[in-house]
Amino acid sequence: MLYSILSAFNVQTVLIGLLVVLVVYKLRQRWKYNLPPGPFCWPLIGSYEVIQAKFLHEIFVKYAKKYGPVFTVSLGPYQMVVLNDINSVTEALVKSKADFANRPLIHSVHMFTEESKDIAFANYTPTWKLHRKIAGKALRQYLAGNRLEDVLHASMKKCLPLMAKENGAFNPEKYIDLMVFNILTAVCFGESVELDNPEFIRFMKLSKEANEMIGKGFVEDMFPIMYKVWTTNKYRTVAKTMNELISIIKRKFEEHEETFNIDKIRDFTDSLILAKKEAEYEENAEMLSQLSETHLRQTVFDIFSAGIDTSRVTLGFAVRYMAGLPEIQSKVQEEIDRVVGKDRLPTVKDRENLSYTEATLHEVMRLGTAVPVGIPHSTICDTRVGGYDVPKDTMVMINHWALHHDPRYWKDEEKFDPTRYLDENGKLGMKPESWLPFSAGRRVCLGETVAKPELLLIFATIMQRFKITLPEGTNPKVELCGSGGITIPAPYKIIIKERNII
Ligand code: HEM
(Lines give C-alpha, C1' and ligand atoms only; values in the text may rest on other atoms or scores of the structure.)
Protein backbone atom coordinates (compact mmCIF):
# COMPACT_ATOMS: atom_id res chain seq x y z
CA MET A 1 0.00 0.00 0.00
CA LEU A 2 2.67 2.44 1.15
CA TYR A 3 4.78 1.38 -1.80
CA SER A 4 2.01 2.04 -4.33
CA ILE A 5 1.20 5.45 -2.79
CA LEU A 6 4.87 6.34 -2.89
CA SER A 7 5.29 5.15 -6.48
CA ALA A 8 2.12 7.02 -7.56
CA PHE A 9 3.49 10.12 -5.88
CA ASN A 10 6.81 9.62 -7.69
CA VAL A 11 5.17 9.19 -11.07
CA GLN A 12 3.01 12.27 -10.47
CA THR A 13 6.02 14.30 -9.38
CA VAL A 14 8.02 13.21 -12.38
CA LEU A 15 5.14 13.98 -14.77
CA ILE A 16 4.49 17.42 -13.25
CA GLY A 17 8.22 18.10 -13.28
CA LEU A 18 8.41 17.11 -16.94
CA LEU A 19 5.43 19.31 -17.76
CA VAL A 20 6.96 22.32 -16.02
CA VAL A 21 10.28 21.80 -17.84
CA LEU A 22 8.42 21.52 -21.13
CA VAL A 23 6.31 24.65 -20.57
CA VAL A 24 9.40 26.64 -19.55
CA TYR A 25 11.26 25.30 -22.59
CA LYS A 26 8.38 26.26 -24.92
CA LEU A 27 8.11 29.76 -23.42
CA ARG A 28 11.86 30.20 -23.82
CA GLN A 29 11.63 29.06 -27.46
CA ARG A 30 8.78 31.53 -28.09
CA TRP A 31 10.76 34.32 -26.44
CA LYS A 32 14.07 33.54 -28.17
CA TYR A 33 12.74 32.81 -31.65
CA ASN A 34 10.12 34.26 -33.97
CA LEU A 35 8.53 30.85 -34.62
CA PRO A 36 5.88 30.28 -37.31
CA PRO A 37 2.32 30.54 -35.90
CA GLY A 38 0.15 27.47 -35.46
CA PRO A 39 -2.79 25.84 -33.70
CA PHE A 40 -3.02 25.25 -29.96
CA CYS A 41 -1.14 22.09 -28.97
CA TRP A 42 -1.34 20.29 -25.63
CA PRO A 43 1.95 19.85 -23.79
CA LEU A 44 3.35 16.31 -24.39
CA ILE A 45 0.36 15.34 -26.59
CA GLY A 46 0.48 18.02 -29.28
CA SER A 47 -2.41 18.65 -31.62
CA TYR A 48 -5.28 16.24 -31.04
CA GLU A 49 -6.57 17.00 -34.56
CA VAL A 50 -3.26 15.89 -36.09
CA ILE A 51 -3.21 12.67 -34.06
CA GLN A 52 -6.79 11.93 -35.17
CA ALA A 53 -6.36 12.93 -38.84
CA LYS A 54 -6.85 10.24 -41.49
CA PHE A 55 -4.51 12.09 -43.84
CA LEU A 56 -1.87 14.49 -42.53
CA HIS A 57 -1.85 16.44 -45.81
CA GLU A 58 -5.54 17.31 -45.39
CA ILE A 59 -5.26 18.67 -41.87
CA PHE A 60 -2.10 20.55 -42.88
CA VAL A 61 -3.99 22.23 -45.76
CA LYS A 62 -6.67 23.27 -43.25
CA TYR A 63 -4.05 24.82 -40.93
CA ALA A 64 -2.26 26.50 -43.87
CA LYS A 65 -5.51 28.28 -44.76
CA LYS A 66 -5.70 29.68 -41.23
CA TYR A 67 -2.04 30.31 -40.31
CA GLY A 68 -0.36 30.74 -43.69
CA PRO A 69 1.89 28.43 -45.76
CA VAL A 70 4.48 28.05 -42.97
CA PHE A 71 3.08 26.96 -39.62
CA THR A 72 4.12 25.14 -36.46
CA VAL A 73 2.31 22.17 -35.01
CA SER A 74 3.23 19.56 -32.41
CA LEU A 75 2.83 15.83 -32.48
CA GLY A 76 3.49 14.41 -29.04
CA PRO A 77 6.42 16.31 -27.58
CA TYR A 78 7.85 16.97 -31.07
CA GLN A 79 7.40 20.40 -32.55
CA MET A 80 7.45 20.56 -36.33
CA VAL A 81 7.29 23.22 -38.99
CA VAL A 82 5.17 22.41 -42.05
CA LEU A 83 5.81 24.02 -45.46
CA ASN A 84 2.77 24.24 -47.73
CA ASP A 85 3.73 26.29 -50.77
CA ILE A 86 6.43 26.22 -53.43
CA ASN A 87 8.06 29.48 -52.25
CA SER A 88 8.73 28.26 -48.73
CA VAL A 89 9.77 24.79 -49.97
CA THR A 90 12.23 26.23 -52.50
CA GLU A 91 13.58 28.65 -49.89
CA ALA A 92 14.17 25.82 -47.40
CA LEU A 93 15.36 23.00 -49.64
CA VAL A 94 17.22 24.86 -52.37
CA LYS A 95 18.12 28.43 -51.35
CA SER A 96 19.13 27.52 -47.78
CA LYS A 97 21.59 24.91 -49.10
CA ALA A 98 21.99 22.16 -46.46
CA ASP A 99 20.23 23.89 -43.53
CA PHE A 100 17.21 21.57 -43.86
CA ALA A 101 19.05 18.42 -45.03
CA ASN A 102 19.06 16.35 -41.83
CA ARG A 103 16.48 13.75 -40.80
CA PRO A 104 14.78 13.82 -37.38
CA LEU A 105 15.53 11.00 -34.96
CA ILE A 106 12.34 8.90 -34.86
CA HIS A 107 13.09 5.95 -32.63
CA SER A 108 10.99 3.36 -34.48
CA VAL A 109 12.51 4.31 -37.84
CA HIS A 110 15.97 4.35 -36.26
CA MET A 111 15.46 0.72 -35.16
CA PHE A 112 13.91 -0.46 -38.43
CA THR A 113 16.81 0.98 -40.43
CA GLU A 114 19.37 -0.73 -38.19
CA GLU A 115 20.31 2.60 -36.56
CA SER A 116 19.65 4.84 -39.57
CA LYS A 117 22.27 3.05 -41.66
CA ASP A 118 20.21 3.47 -44.84
CA ILE A 119 20.07 6.46 -47.22
CA ALA A 120 16.53 7.79 -46.79
CA PHE A 121 16.57 8.18 -42.99
CA ALA A 122 20.28 8.81 -42.40
CA ASN A 123 21.51 12.20 -41.30
CA TYR A 124 23.35 14.51 -43.68
CA THR A 125 26.81 13.04 -43.02
CA PRO A 126 29.83 11.95 -45.11
CA THR A 127 28.59 8.33 -44.80
CA TRP A 128 25.18 9.30 -46.23
CA LYS A 129 26.91 11.20 -49.07
CA LEU A 130 29.10 8.21 -49.91
CA HIS A 131 26.16 5.78 -50.05
CA ARG A 132 24.04 8.20 -52.07
CA LYS A 133 26.90 8.57 -54.55
CA ILE A 134 27.55 4.83 -54.90
CA ALA A 135 23.83 3.98 -55.11
CA GLY A 136 23.12 6.80 -57.60
CA LYS A 137 25.93 5.64 -59.89
CA ALA A 138 24.79 2.00 -59.71
CA LEU A 139 21.16 3.00 -60.35
CA ARG A 140 22.10 4.96 -63.47
CA GLN A 141 24.01 1.90 -64.64
CA TYR A 142 21.35 -0.71 -63.97
CA LEU A 143 18.05 1.16 -64.27
CA ALA A 144 18.71 3.31 -67.33
CA GLY A 145 19.04 3.04 -71.12
CA ASN A 146 19.26 -0.43 -72.68
CA ARG A 147 19.40 -2.25 -69.35
CA LEU A 148 16.17 -0.58 -68.20
CA GLU A 149 14.54 -1.51 -71.48
CA ASP A 150 15.69 -5.14 -71.23
CA VAL A 151 14.47 -5.76 -67.68
CA LEU A 152 11.29 -3.77 -68.26
CA HIS A 153 10.37 -5.58 -71.47
CA ALA A 154 11.10 -8.96 -69.84
CA SER A 155 8.86 -8.06 -66.91
CA MET A 156 6.03 -6.73 -69.10
CA LYS A 157 6.15 -9.79 -71.39
CA LYS A 158 5.65 -11.95 -68.33
CA CYS A 159 2.90 -9.91 -66.67
CA LEU A 160 0.69 -8.65 -69.48
CA PRO A 161 -0.30 -12.09 -70.86
CA LEU A 162 -1.31 -13.11 -67.31
CA MET A 163 -3.39 -9.96 -66.95
CA ALA A 164 -4.93 -10.57 -70.38
CA LYS A 165 -6.43 -13.84 -69.12
CA GLU A 166 -8.72 -11.96 -66.72
CA ASN A 167 -12.37 -12.10 -67.72
CA GLY A 168 -14.75 -9.56 -66.25
CA ALA A 169 -13.99 -7.06 -63.51
CA PHE A 170 -10.77 -7.57 -61.49
CA ASN A 171 -8.34 -5.70 -59.26
CA PRO A 172 -5.06 -5.22 -61.20
CA GLU A 173 -2.94 -4.74 -58.04
CA LYS A 174 -1.13 -8.08 -58.07
CA TYR A 175 -0.11 -7.67 -61.73
CA ILE A 176 1.20 -4.14 -61.13
CA ASP A 177 3.06 -5.46 -58.07
CA LEU A 178 4.67 -8.18 -60.19
CA MET A 179 5.66 -5.72 -62.96
CA VAL A 180 7.58 -3.42 -60.59
CA PHE A 181 8.86 -6.21 -58.32
CA ASN A 182 10.40 -8.01 -61.28
CA ILE A 183 12.08 -4.84 -62.54
CA LEU A 184 13.58 -4.04 -59.14
CA THR A 185 14.48 -7.66 -58.43
CA ALA A 186 16.26 -7.85 -61.81
CA VAL A 187 18.12 -4.58 -61.16
CA CYS A 188 19.07 -5.39 -57.55
CA PHE A 189 19.55 -9.16 -57.65
CA GLY A 190 19.52 -10.20 -61.32
CA GLU A 191 16.44 -12.40 -60.77
CA SER A 192 12.88 -12.70 -62.02
CA VAL A 193 9.91 -14.37 -60.30
CA GLU A 194 6.48 -15.77 -61.20
CA LEU A 195 3.11 -14.52 -59.93
CA ASP A 196 2.82 -17.43 -57.47
CA ASN A 197 6.39 -17.13 -56.11
CA PRO A 198 6.04 -17.38 -52.29
CA GLU A 199 8.85 -14.86 -51.65
CA PHE A 200 7.20 -12.26 -53.92
CA ILE A 201 3.80 -12.78 -52.29
CA ARG A 202 5.29 -12.63 -48.78
CA PHE A 203 7.45 -9.56 -49.51
CA MET A 204 4.55 -7.57 -50.95
CA LYS A 205 2.21 -8.55 -48.10
CA LEU A 206 4.72 -7.66 -45.39
CA SER A 207 5.78 -4.45 -47.07
CA LYS A 208 2.18 -3.21 -47.47
CA GLU A 209 1.34 -4.11 -43.86
CA ALA A 210 4.46 -2.34 -42.59
CA ASN A 211 3.72 0.78 -44.68
CA GLU A 212 0.19 0.93 -43.35
CA MET A 213 1.25 0.64 -39.71
CA ILE A 214 4.39 2.81 -39.90
CA GLY A 215 2.45 5.55 -41.72
CA LYS A 216 0.06 5.88 -38.77
CA GLY A 217 3.00 6.20 -36.35
CA PHE A 218 3.69 4.62 -32.96
CA VAL A 219 2.71 5.88 -29.55
CA GLU A 220 6.25 4.88 -28.48
CA ASP A 221 7.66 7.64 -30.70
CA MET A 222 5.60 10.21 -28.80
CA PHE A 223 6.83 8.85 -25.47
CA PRO A 224 10.23 7.22 -26.22
CA ILE A 225 10.63 6.22 -22.57
CA MET A 226 8.19 3.42 -23.45
CA TYR A 227 10.92 1.69 -25.45
CA LYS A 228 12.72 1.04 -22.19
CA VAL A 229 9.63 -0.09 -20.27
CA TRP A 230 6.96 -1.62 -22.48
CA THR A 231 6.16 -1.59 -26.20
CA THR A 232 2.74 -1.93 -27.86
CA ASN A 233 1.62 -4.99 -29.74
CA LYS A 234 1.56 -2.89 -32.92
CA TYR A 235 5.20 -1.89 -32.52
CA ARG A 236 6.27 -5.48 -31.83
CA THR A 237 4.36 -6.69 -34.91
CA VAL A 238 6.01 -4.13 -37.19
CA ALA A 239 9.45 -4.84 -35.67
CA LYS A 240 8.93 -8.53 -36.50
CA THR A 241 7.74 -7.69 -40.02
CA MET A 242 10.71 -5.40 -40.64
CA ASN A 243 13.11 -8.07 -39.37
CA GLU A 244 11.65 -10.56 -41.81
CA LEU A 245 11.89 -8.09 -44.72
CA ILE A 246 15.49 -7.22 -43.86
CA SER A 247 16.40 -10.90 -43.50
CA ILE A 248 15.15 -11.52 -47.08
CA ILE A 249 17.55 -8.80 -48.32
CA LYS A 250 20.30 -10.08 -46.02
CA ARG A 251 20.04 -13.58 -47.49
CA LYS A 252 20.26 -12.24 -51.04
CA PHE A 253 23.20 -10.03 -50.10
CA GLU A 254 25.08 -12.99 -48.61
CA GLU A 255 24.38 -15.15 -51.69
CA HIS A 256 25.85 -12.36 -53.81
CA GLU A 257 28.94 -12.12 -51.61
CA GLU A 258 29.53 -15.88 -51.92
CA THR A 259 29.29 -15.88 -55.72
CA PHE A 260 30.90 -12.46 -56.32
CA ASN A 261 33.25 -12.30 -59.31
CA ILE A 262 35.10 -9.03 -59.83
CA ASP A 263 35.24 -9.58 -63.61
CA LYS A 264 31.49 -10.08 -63.88
CA ILE A 265 29.48 -7.45 -62.03
CA ARG A 266 25.91 -8.69 -62.37
CA ASP A 267 23.66 -6.13 -60.74
CA PHE A 268 23.13 -3.31 -58.22
CA THR A 269 24.10 -5.50 -55.23
CA ASP A 270 27.34 -6.59 -56.93
CA SER A 271 28.27 -2.97 -57.60
CA LEU A 272 27.93 -2.17 -53.87
CA ILE A 273 30.12 -5.18 -53.00
CA LEU A 274 32.62 -3.95 -55.60
CA ALA A 275 32.76 -0.51 -53.91
CA LYS A 276 33.66 -2.27 -50.65
CA LYS A 277 36.29 -4.47 -52.32
CA GLU A 278 37.87 -1.38 -53.91
CA ALA A 279 38.09 0.31 -50.50
CA GLU A 280 39.69 -2.88 -49.12
CA TYR A 281 42.18 -2.94 -51.99
CA GLU A 282 43.08 0.72 -51.43
CA GLU A 283 43.28 0.02 -47.68
CA ASN A 284 41.01 3.00 -47.17
CA ALA A 285 40.07 2.42 -43.52
CA GLU A 286 37.81 5.46 -43.27
CA MET A 287 35.80 4.45 -46.31
CA LEU A 288 35.66 0.84 -45.17
CA SER A 289 34.10 1.86 -41.85
CA GLN A 290 31.34 3.60 -43.82
CA LEU A 291 30.78 0.57 -46.04
CA SER A 292 29.83 -1.94 -43.35
CA GLU A 293 27.65 -4.86 -44.36
CA THR A 294 24.71 -3.27 -42.50
CA HIS A 295 25.10 -0.03 -44.47
CA LEU A 296 25.27 -1.88 -47.79
CA ARG A 297 22.31 -4.12 -46.95
CA GLN A 298 20.25 -1.08 -45.91
CA THR A 299 21.13 0.73 -49.15
CA VAL A 300 19.86 -2.26 -51.17
CA PHE A 301 16.74 -2.40 -49.00
CA ASP A 302 16.12 1.34 -49.52
CA ILE A 303 16.41 1.15 -53.30
CA PHE A 304 14.40 -2.07 -53.51
CA SER A 305 11.54 -0.97 -51.27
CA ALA A 306 11.44 2.75 -52.24
CA GLY A 307 11.50 1.72 -55.91
CA ILE A 308 8.72 -0.82 -55.54
CA ASP A 309 6.37 1.15 -53.26
CA THR A 310 6.35 4.46 -55.13
CA SER A 311 6.19 2.84 -58.58
CA ARG A 312 3.35 0.43 -57.76
CA VAL A 313 1.30 3.21 -56.14
CA THR A 314 1.83 5.63 -59.05
CA LEU A 315 0.91 2.96 -61.61
CA GLY A 316 -2.11 1.96 -59.53
CA PHE A 317 -3.30 5.57 -59.68
CA ALA A 318 -2.50 5.78 -63.41
CA VAL A 319 -4.61 2.72 -64.28
CA ARG A 320 -7.45 3.89 -62.03
CA TYR A 321 -7.48 7.41 -63.52
CA MET A 322 -7.40 6.09 -67.09
CA ALA A 323 -10.30 3.71 -66.39
CA GLY A 324 -12.45 6.70 -65.39
CA LEU A 325 -11.21 9.10 -68.10
CA PRO A 326 -11.92 7.42 -71.48
CA GLU A 327 -11.21 10.56 -73.55
CA ILE A 328 -7.77 11.08 -72.10
CA GLN A 329 -7.05 7.36 -72.36
CA SER A 330 -7.91 7.47 -76.09
CA LYS A 331 -5.55 10.41 -76.65
CA VAL A 332 -2.74 8.54 -74.89
CA GLN A 333 -3.42 5.48 -77.05
CA GLU A 334 -3.56 7.54 -80.26
CA GLU A 335 -0.11 8.93 -79.45
CA ILE A 336 1.34 5.49 -78.61
CA ASP A 337 -0.12 3.98 -81.81
CA ARG A 338 1.35 6.84 -83.86
CA VAL A 339 4.82 6.87 -82.25
CA VAL A 340 5.37 3.21 -81.36
CA GLY A 341 2.82 1.37 -83.49
CA LYS A 342 1.47 -2.08 -82.68
CA ASP A 343 4.39 -4.35 -83.54
CA ARG A 344 6.92 -3.55 -80.82
CA LEU A 345 7.05 -2.39 -77.22
CA PRO A 346 7.75 1.29 -76.30
CA THR A 347 11.45 2.07 -75.81
CA VAL A 348 13.52 4.77 -74.10
CA LYS A 349 14.07 6.41 -77.50
CA ASP A 350 10.30 6.86 -77.93
CA ARG A 351 10.14 8.98 -74.77
CA GLU A 352 10.76 12.31 -76.50
CA ASN A 353 7.78 11.69 -78.78
CA LEU A 354 5.42 10.47 -76.07
CA SER A 355 4.79 13.92 -74.60
CA TYR A 356 1.04 13.57 -74.07
CA THR A 357 1.51 10.17 -72.42
CA GLU A 358 4.22 11.55 -70.11
CA ALA A 359 2.11 14.64 -69.36
CA THR A 360 -0.74 12.30 -68.38
CA LEU A 361 1.59 10.52 -65.98
CA HIS A 362 2.68 13.88 -64.53
CA GLU A 363 -0.96 14.72 -63.89
CA VAL A 364 -1.41 11.31 -62.21
CA MET A 365 1.56 12.13 -59.94
CA ARG A 366 0.06 15.53 -59.14
CA LEU A 367 -3.47 14.41 -58.31
CA GLY A 368 -2.49 11.10 -56.77
CA THR A 369 0.59 12.36 -54.91
CA ALA A 370 2.01 9.01 -53.74
CA VAL A 371 4.14 10.47 -50.91
CA PRO A 372 1.91 13.39 -49.81
CA VAL A 373 4.04 14.69 -46.94
CA GLY A 374 7.38 13.33 -48.14
CA ILE A 375 10.02 12.14 -45.71
CA PRO A 376 10.50 14.45 -42.70
CA HIS A 377 13.51 16.77 -42.77
CA SER A 378 15.32 18.29 -39.80
CA THR A 379 17.36 21.48 -39.45
CA ILE A 380 21.13 21.25 -39.09
CA CYS A 381 21.43 24.74 -37.56
CA ASP A 382 19.27 27.68 -36.50
CA THR A 383 17.81 28.96 -39.77
CA ARG A 384 14.85 30.82 -41.30
CA VAL A 385 11.98 30.22 -43.72
CA GLY A 386 9.04 32.37 -44.82
CA GLY A 387 10.19 35.22 -42.56
CA TYR A 388 10.20 33.01 -39.41
CA ASP A 389 12.96 31.43 -37.32
CA VAL A 390 13.40 27.68 -37.33
CA PRO A 391 15.67 26.47 -34.49
CA LYS A 392 18.31 23.74 -34.98
CA ASP A 393 16.94 20.16 -34.80
CA THR A 394 13.36 21.14 -35.70
CA MET A 395 11.41 18.57 -37.70
CA VAL A 396 10.26 20.04 -41.03
CA MET A 397 7.56 18.47 -43.22
CA ILE A 398 6.99 19.24 -46.90
CA ASN A 399 3.31 19.08 -47.87
CA HIS A 400 3.70 17.98 -51.51
CA TRP A 401 -0.06 17.50 -51.66
CA ALA A 402 -0.65 21.19 -50.85
CA LEU A 403 1.81 22.22 -53.58
CA HIS A 404 -0.02 19.99 -56.06
CA HIS A 405 -3.42 21.44 -55.20
CA ASP A 406 -2.47 25.10 -54.73
CA PRO A 407 -5.15 27.08 -56.66
CA ARG A 408 -2.65 29.93 -57.20
CA TYR A 409 -0.64 27.64 -59.49
CA TRP A 410 -3.20 25.16 -60.80
CA LYS A 411 -6.29 26.49 -62.59
CA ASP A 412 -9.26 24.30 -61.75
CA GLU A 413 -6.93 22.28 -59.51
CA GLU A 414 -9.12 19.16 -59.18
CA LYS A 415 -9.45 18.75 -62.95
CA PHE A 416 -7.31 16.06 -64.61
CA ASP A 417 -5.67 17.98 -67.44
CA PRO A 418 -2.42 16.73 -69.09
CA THR A 419 -2.20 19.84 -71.29
CA ARG A 420 -0.92 21.76 -68.25
CA TYR A 421 2.51 20.26 -68.96
CA LEU A 422 2.57 20.81 -72.74
CA ASP A 423 3.87 23.79 -74.73
CA GLU A 424 2.24 25.29 -77.81
CA ASN A 425 3.81 22.52 -79.97
CA GLY A 426 2.32 19.77 -77.84
CA LYS A 427 5.76 18.92 -76.37
CA LEU A 428 6.54 18.59 -72.67
CA GLY A 429 7.33 22.15 -71.61
CA MET A 430 9.08 23.52 -68.53
CA LYS A 431 8.13 21.76 -65.30
CA PRO A 432 5.20 23.69 -63.74
CA GLU A 433 6.51 25.63 -60.74
CA SER A 434 4.41 23.90 -58.10
CA TRP A 435 4.91 20.30 -59.36
CA LEU A 436 7.31 18.61 -56.98
CA PRO A 437 6.55 14.89 -56.47
CA PHE A 438 10.24 14.02 -56.09
CA SER A 439 11.06 16.96 -53.78
CA ALA A 440 14.19 19.12 -54.30
CA GLY A 441 17.59 20.07 -52.91
CA ARG A 442 20.11 17.87 -51.14
CA ARG A 443 17.59 15.13 -50.26
CA VAL A 444 15.79 15.09 -53.62
CA CYS A 445 14.53 11.59 -54.51
CA LEU A 446 17.53 9.52 -55.55
CA GLY A 447 15.37 7.57 -57.98
CA GLU A 448 13.86 10.55 -59.87
CA THR A 449 15.87 10.21 -63.08
CA VAL A 450 15.27 6.47 -63.29
CA ALA A 451 11.67 6.47 -62.06
CA LYS A 452 10.45 8.86 -64.77
CA PRO A 453 11.43 6.73 -67.81
CA GLU A 454 10.62 3.50 -65.95
CA LEU A 455 7.08 4.59 -65.09
CA LEU A 456 6.51 6.08 -68.53
CA LEU A 457 7.50 2.86 -70.32
CA ILE A 458 5.40 0.64 -68.03
CA PHE A 459 2.40 2.96 -68.38
CA ALA A 460 2.80 3.23 -72.17
CA THR A 461 3.11 -0.57 -72.49
CA ILE A 462 -0.11 -1.15 -70.51
CA MET A 463 -1.96 1.50 -72.53
CA GLN A 464 -0.64 0.11 -75.82
CA ARG A 465 -2.09 -3.30 -75.07
CA PHE A 466 -5.35 -2.73 -73.16
CA LYS A 467 -8.39 -0.54 -73.31
CA ILE A 468 -9.36 -0.10 -69.67
CA THR A 469 -12.84 0.65 -68.37
CA LEU A 470 -14.63 0.68 -65.03
CA PRO A 471 -17.38 -1.86 -64.30
CA GLU A 472 -20.82 -0.37 -64.88
CA GLY A 473 -22.08 1.74 -62.01
CA THR A 474 -18.58 2.60 -60.64
CA ASN A 475 -18.14 6.27 -59.70
CA PRO A 476 -15.26 7.53 -61.91
CA LYS A 477 -14.02 9.80 -59.11
CA VAL A 478 -10.79 8.47 -57.60
CA GLU A 479 -11.01 8.07 -53.82
CA LEU A 480 -7.92 7.96 -51.61
CA CYS A 481 -6.88 5.35 -49.15
CA GLY A 482 -3.68 4.58 -47.26
CA SER A 483 -1.91 5.38 -44.07
CA GLY A 484 -0.88 8.98 -44.52
CA GLY A 485 2.76 8.18 -45.31
CA ILE A 486 1.81 6.71 -48.68
CA THR A 487 -1.56 7.32 -50.31
CA ILE A 488 -3.07 4.73 -52.63
CA PRO A 489 -6.26 4.68 -54.68
CA ALA A 490 -9.16 3.09 -52.79
CA PRO A 491 -9.54 -0.58 -53.91
CA TYR A 492 -11.00 -0.69 -57.40
CA LYS A 493 -11.81 -3.07 -60.22
CA ILE A 494 -11.31 -2.64 -63.95
CA ILE A 495 -12.32 -4.43 -67.13
CA ILE A 496 -9.71 -4.77 -69.86
CA LYS A 497 -10.00 -5.39 -73.58
CA GLU A 498 -7.01 -6.31 -75.76
CA ARG A 499 -6.21 -3.60 -78.33
CA ASN A 500 -3.56 -5.60 -80.16
CA ILE A 501 -1.27 -8.45 -79.19
CA ILE A 502 2.49 -8.22 -79.58
C1 HEM B 1 6.85 7.87 -58.52
C2 HEM B 1 8.03 7.56 -58.07
C3 HEM B 1 8.70 8.22 -56.88
C4 HEM B 1 8.30 9.28 -56.10
C5 HEM B 1 7.03 10.10 -56.25
C6 HEM B 1 9.32 9.48 -55.11
C7 HEM B 1 9.28 10.48 -54.14
C8 HEM B 1 10.27 10.68 -53.19
C9 HEM B 1 10.23 11.72 -52.19
C10 HEM B 1 9.13 12.75 -52.02
C11 HEM B 1 11.35 11.59 -51.43
C12 HEM B 1 11.74 12.44 -50.21
C13 HEM B 1 12.63 13.58 -50.63
C14 HEM B 1 12.92 14.52 -49.48
O15 HEM B 1 13.29 14.08 -48.41
O16 HEM B 1 12.72 15.74 -49.63
C17 HEM B 1 12.10 10.46 -51.95
C18 HEM B 1 13.32 10.03 -51.45
C19 HEM B 1 13.98 8.93 -51.92
N20 HEM B 1 13.64 8.13 -53.00
FE21 HEM B 1 12.04 8.40 -54.19
N22 HEM B 1 10.30 8.54 -55.28
C23 HEM B 1 9.96 7.76 -56.36
C24 HEM B 1 10.69 6.70 -56.87
C25 HEM B 1 11.87 6.24 -56.38
C26 HEM B 1 12.62 5.15 -56.94
C27 HEM B 1 12.22 4.34 -58.19
C28 HEM B 1 13.72 4.97 -56.14
C29 HEM B 1 14.86 3.99 -56.27
C30 HEM B 1 14.99 3.11 -57.20
C31 HEM B 1 13.66 5.97 -55.08
C32 HEM B 1 14.59 6.12 -54.07
C33 HEM B 1 14.57 7.13 -53.11
C34 HEM B 1 15.58 7.28 -52.07
C35 HEM B 1 16.78 6.38 -51.84
C36 HEM B 1 15.21 8.42 -51.33
C37 HEM B 1 15.94 9.01 -50.13
C38 HEM B 1 16.84 10.15 -50.60
C39 HEM B 1 17.63 10.77 -49.45
O40 HEM B 1 17.14 10.83 -48.32
O41 HEM B 1 18.77 11.23 -49.68
N42 HEM B 1 12.52 6.72 -55.26
N43 HEM B 1 11.43 9.94 -53.02
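The values are calculated or read from the model by the stated rules, or taken from the named source; none is laboratory data. Everything numeric in this text was worked out from a predicted model, so none of it was measured. Cβ: placed from backbone, ideal geometry, glycine included. Neighbour counts: every protein chain shown. The area values use the complete protein model at the heavy-atom level, side chains included, leaving out ligands, DNA and RNA. Shrake-Rupley method; radii C 1.70, N 1.55, O 1.52, S 1.80 Å.
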Given a cut-off of 26 Å, name the pairs among Lys240/Lys392; Lys133/Lys250; Lys228/Lys276; Lys32/Lys228; Lys26/Lys62 whose C-alpha atoms lie farther apart than that in the structure shown.
Lys240/Lys392; Lys228/Lys276; Lys32/Lys228
Could you give the angle, 0 to 90 degrees to the nearest 10, between helix 326-339's Cα long axis and the longest principal axis of the Cα atoms of the chain?
60
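Please say if the stretch 206-322 is rounded, prolate or oblate, where rounded means a/c under 1.5 for a ≥ b ≥ c the square roots of the C-alpha gyration tensor eigenvalues, and otherwise the choice is prolate for a/b larger than b/c and oblate otherwise? Please report the intermediate quantities before stating the final value.
Numbers: a/c = 2.65, a/b = 1.40, b/c = 1.89.
Oblate is the answer for the stretch 206-322, as a/c is 1.5 or above yet b/c matches or exceeds a/b.
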Residue by residue through the stretch 250-260, the couplings from Karplus 6.51 cos²θ - 1.76 cosθ + 1.60 with θ = phi - 60°, in Hz, x for Gly and Pro, are 4, 4, 5, 4, 5, 4, 5, 4, 5, 9, 4
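Just the number please: accessible area per residue for the chain, 1.4 Å probe, all protein chains included, in Å². Spell out each step's value before the answer.
Details: 23890 Å² over 502 residues.
So the chain comes to 48 Å² accessible per residue, rounded to a whole number.
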Top to bottom by accessible area (1.4 Å), largest first, where do Tyr409, Tyr124 land?
Tyr409, Tyr124
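Give the carbon-plus-sulfur fraction of the accessible surface of the stretch 33-498 in %, rounded to a whole number; probe 1.4 Å, heavy atoms of protein chains only. Walk me through the numbers before you get to the answer.
Values: 11200 of 20570 Å².
On the stretch 33-498, the fraction of accessible area on carbon and sulfur atoms equals 54 percent.
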Over 18 Å between C-alpha atoms is what I'm after, so list which of Lys137/Lys277; Lys415/Lys452; Lys331/Lys427; Lys264/Lys349 land there.
Lys415/Lys452; Lys264/Lys349
Note: the stretch 33-498, point scatterers on Cα, Debye, no solvent; log10 I/I(0) at q = 0.06, 0.08 Å⁻¹ equals -0.26, -0.48
Please list, or write none, the lysines whose alpha carbon is within less than 22 Å of the alpha carbon of Lys165, excluding same-chain residues fewer than 8 places away.
Lys157, Lys174, Lys342, Lys467, Lys493, Lys497
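Mind ordering 310-316, 208-214 by average Cβ neighbours within 10 Å, highest first?
310-316, 208-214
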Helix-only CD estimate at 222 nm, as mean residue ellipticity for the chain, using -39500 (n - 2.57) per DSSP H run (n ≥ 4)
-17000 deg cm²/dmol
May I ask you to evaluate 6.51 cos²θ - 1.76 cosθ + 1.60, the Karplus curve with θ = phi - 60°, for each residue of the stretch 85-98 and list the ³J(HN,Hα) values in order in whole Hz, giving x for glycine and proline?
9, 5, 5, 5, 5, 5, 4, 6, 7, 10, 5, 8, 6, 9
Would you list Glu115, Glu283 from the most to the least accessible area, probe 1.4 Å?
Glu283, Glu115
